[in-house]
Amino acid sequence: MNRIEKVFQTMKKEGKKAFVPYVMAGDGGLTSLKEKLVFLQEAGATAIEIGIPFSDPVADGPVIQEAGIRALNTDVTLKEIVECMREIRPIIHIPLIFMTYMNPLLAYGLERFSRDIQTSGIDGLIIPDLPIEEEEIITSYLDEVKIELIRLVTLQSPIERIAEITKRGKGFVYAVTVNGITGTRAQFASQLSSHLEKIKSISPLPVLAGFGISTPEHVEEILQYCDGVIVGSKIIELMEAGNNEQIRTLINATKLPIA
Amino acid sequence: MTTTILPDEKGHFGTYGGRYVPETLMQAILELEKEYEKAKVDPAFQNELNDLLRDYVGRETPLYYAKNLTKYAGGGKIYLKREDLNHTGAHKINNSLGQALLTKRMGKSKVVAETGAGQHGVATATACALLNLECVIFMGEEDILRQQLNVFRMEILGAKVISVKSGSATLKDAVNEALRYWVSNVEDTHYILGSAMGPHPFPKIVRDFQSVIGQETKKQFIKKEAKLPEAIVACIGGGSNAIGMFYPFLEDREVKLYGVEAAGLGLHSEKHAASLAKGKPGILHGAYMYLLQNEDGQIQEAHSISAGLDYPGIGPEHCYLHDIERVKYDAITDDEALEALQVLSKTEGIIPALESAHAISYAIKLAKEMEPTEHIVVCLSGRGDKDMEAVRSKIGGVKA
């Protein structure tokens, strides 16, 4: 069984909620990636999303854009990142998920990429510019090596589409909480709770919410309606500032009893 | 040949095109496709558009026999399709008006657009002023410096121009920001994409709205010469004027079609915008297309003296036409374009846009190899007023 499935089975059994932080590979140099993953695992992350830097990340806001630029300025390549994961994997036991745009994968070769990340110990893949209409381009390669393609649903997706996406989905469903790009936000639209409840009622997979989640209050509020949260920009900001304590506070917010 | 029924229902031209966009945009894109297909067969929509094209844009535009340029080149006869005489000075208005009408039809009240040279921005700001739509234009900081006059024109027309500082601060980055803005405002905003690129159905919609160029040209040319031209030449950034000109001729195999990319400082240098000549297929801005990129799939910065050609990709239908060899694609350098701009100005009294000067330069070369009984039509996609500062800084002007 894939690590992602396994971890969510356990969480469900124990009645726990997931916290998935995001780090940008190569930001601060590849050597710092190991340190970051070890810290996040030890701080209680359920799984970790590892961003692959891309020159034109249209789904990302300024914080992740800048992290990507910092990474690319070190001339890090996807090949080096995949190799680096191979070295780190033995000391990380939680699921690792790559988040990347299509073009770096095409340049690498989709079949070779799927095989290489499997042997490096990657469990899942999130591709923000790959809607279900186009996913055939890569799914057969991923299925062959049992890498889970995590699908996204958004506030814009109508009910039939949510059903179709969650039916095809693997691992968990990534529920985008805003009409917009990644980045911290002060508050969410009022219809978010009913939207998450709707996805939850349709989806055979665990539902994790992401985009804009940046405070322990957000985490607590959103966890009332889904199985976990994904936090990207805020984690990057806190890591940049060396504020590990606040990262722990965010992760710990998933452990508070739900009101 | 089956070119005219492309793209397929998923928006693919062969392997190119498609809809590689964030899920948040899928609904808007599917809705756009549905509304467009309805509008296409709705006589009321078509009449409204045609009336505007005639009375507001000033169509049809002339097909002009450039006698002096023909003499200068020495060979085939050169005709110019005068898209520079459109309201706002370029072909861009054909598409902007069409999409602005679609925006209204979809019940949306706001528009976002990207612009490179500023021509698409001006055309979109114009259409929005006319149809009472709110308008936000993203433009690279570098291009704002090169095209100050167009920035001011957009502002006068009531649009909000936002400077894009990320990346190379040119057209590619303006598209990134426009897409991000659209994702964030998709409920009440339509994205008027300015070239025959981006996710399906944009390449098709833009092609269809620009096809008026080729349709008129065909009719006008037959009336003047009682045959079809031997060759047609158009410049290509994303490729909207070229696909609009070529599309009605695709089935006419005897007509040779030439697309001219920007070779910048030369194809041997790193400073060019020749995606077909020097790129390889990949995915950017929602479509699978030829791209300037490094080995790791990072997009490279394009370079051209003309802001409108300064883009590292090329529309998916052009990629397909390149692969099946229906269109021959070649490239013209900054220097060659600058020279052609001056030649056309001095021989014909027509100052072309730097973009169109690439096509003029290529046509002069091509004409030399043709017989005087043969004919070339060049799509003169825009006028050069906007480029006067850039040209003056390169070639100098009258010294006081």
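The values are calculated or read from the model by the stated rules, or taken from the named source; none is laboratory data. Computed from a predicted structure; not experimentally measured. Note that each Cβ is placed from the backbone with ideal geometry, even for glycine, and that neighbours are counted across all protein chains shown. Note: areas computed on protein heavy atoms with side chains; ligands, DNA, RNA excluded. Shrake-Rupley method; radii C 1.70, N 1.55, O 1.52, S 1.80 Å.
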Output the residues belonging to region A:184-222 that are part of a loop (DSSP other than H, G, I, E, B) and closer than 15 Å to A:Val20 by Cα.
-> A:Pro206, A:Phe211, A:Gly212, A:Ile213, A:Ser214, A:Thr215
Pull up region B:139-172, narrow it to residues that are out of contact with any strand residue (DSSP E or B) (no Cβ under 8 Å at 6 or more places or on another chain) and in a helix (DSSP H, G or I), then point me to the one that is nearest to the other protein chains (Cβ to nearest Cβ).
-> B:Glu142
Go through A:Val231, A:Val173 for me and flag whichever is in contact with a Lys or Arg (Cβ under 8 Å, 6 or more places away or on another chain) and aliphatic (A, V, I, L, M).
-> A:Val173
What pairs come up if the first residue lies in region B:322-333 and is assigned to a helix (DSSP H, G or I), the second is of a type outside the set (A, V, I, L, M), and their beta carbons are under 7 Å apart, counting only those six or more places apart or on different chains?
-> B:His322/B:Tyr329; B:Asp323/B:Gly14
Scanning region B:177-200 residue by residue, the ones that are facing chain A (nearest Cβ under 10 Å), of a type in the set (S, T, N, Q) and crowded, with 24+ Cβ neighbours inside 10 Å total 0
For region A:136-183, how many residues meet the condition of being of a type outside the set (A, V, I, L, M), within 24 Å of A:Pro57 (Cα to Cα) and within 14 Å of chain B (Cβ to nearest Cβ)?
-> 12
Would you be able to tell me the number of residues in region B:309-329 that are over 14 Å from B:Gly239 (Cβ atoms) and touching a helix residue (DSSP H, G or I) at 6+ places or on another chain (Cβ under 7 Å)?
-> 0
Counting only residues that are on the phi > 0 side of the Ramachandran plot and outside any strand (DSSP E or B), which one in region B:263-300 is surrounded by the fewest Cβ atoms within 10 Å (Cβ to Cβ)?
-> B:Gly266
Applying the selection to region B:5-16, what residues are in a strand (DSSP E or B) and at the interface with chain A (Cβ under 10 Å from one of its Cβ atoms)?
-> B:His12
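Scanning for something at pLDDT below 95, buried (at least 24 other Cβ atoms within 10 Å of the Cβ) and in contact with a His (Cβ under 8 Å, 6 or more places away or on another chain), does region B:310-327 turn up at least one residue?
Quick first cut of region B:310-327, residues at pLDDT below 95 only: B:310-311.
Then drop every residue that is not buried (at least 24 other Cβ atoms within 10 Å of the Cβ), which leaves B:310-311.
Subsequent filtering for residues that are in contact with a His (Cβ under 8 Å, 6 or more places away or on another chain) retains B:310.
Checking region B:310-327: at least one residue is at pLDDT below 95, buried (at least 24 other Cβ atoms within 10 Å of the Cβ) and in contact with a His (Cβ under 8 Å, 6 or more places away or on another chain).
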Residues in region B:60-78: is at least one outside any strand (DSSP E or B), modelled with pLDDT under 95 and either open to solvent by 10 Å² or more (accessible area, probe 1.4 Å) or within 30 Å of B:Val164 (Cα to Cα) (or both)?
-> no
Only one of (1) in contact (Cβ under 8 Å) with a residue 40 or more places away in the chain; (2) of a type in the set (A, V, I, L, M, F, W, C); (3) open to solvent by 30 Å² or more (accessible area, probe 1.4 Å) does not apply to A:Ala241, and that is (1)
Could you please give the count of residues in region B:201-251 that are hydrophobic (A, V, I, L, M, F, W, C), surrounded by fewer than 23 Cβ atoms within 10 Å (Cβ to Cβ) and out of contact with any strand residue (DSSP E or B) (no Cβ under 9 Å at 6 or more places or on another chain)?
-> 2
